[in-house]
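Have a look at the structure below, then the notes.
Just so you know, all these numbers are worked out from the coordinates, no wet-lab data involved. Small disclaimer: the values here were computed from a predicted structure and weren't measured. All Cβ positions, even for glycine, are placed from backbone atoms using ideal geometry, and neighbour counts span all protein chains on display.
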Amino acid sequence: MLKIVTLFLIFMAVLAMFGRLRLPKITRRHGLPKPRLCKTCRRYNLRGGPCPHCSDGQG
Ligand SMILES: [Zn+2]
């Protein structure tokens, strides 16, 4: 019974180590992309693709 407890503790420790190693990468992936400023109309393009304001025909 004691062996199972020790094994469980080791397993948890390994999981914690992996969690610490993986956490920063995951947080970086889930982070919101930086808002880009359109060079043509100088509005914020949050999607990061073609500017939605310029495609409306205003630019
Ligand atoms: Zn634009």
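Working from label points 7 Å from Cα in the Cα-to-Cβ sense, the ARG47 to ILE4 distance is 5.5 nm. Stretching the chain fully between LEU37 and ALA16 yields a gain of 3.6 nm (0.36 nm per residue, less the alpha carbon separation). Put simply, the amide H of HIS53, placed in the peptide plane, has no neighbours under 5 Å, leaving out anything fewer than 5 places away on its chain.
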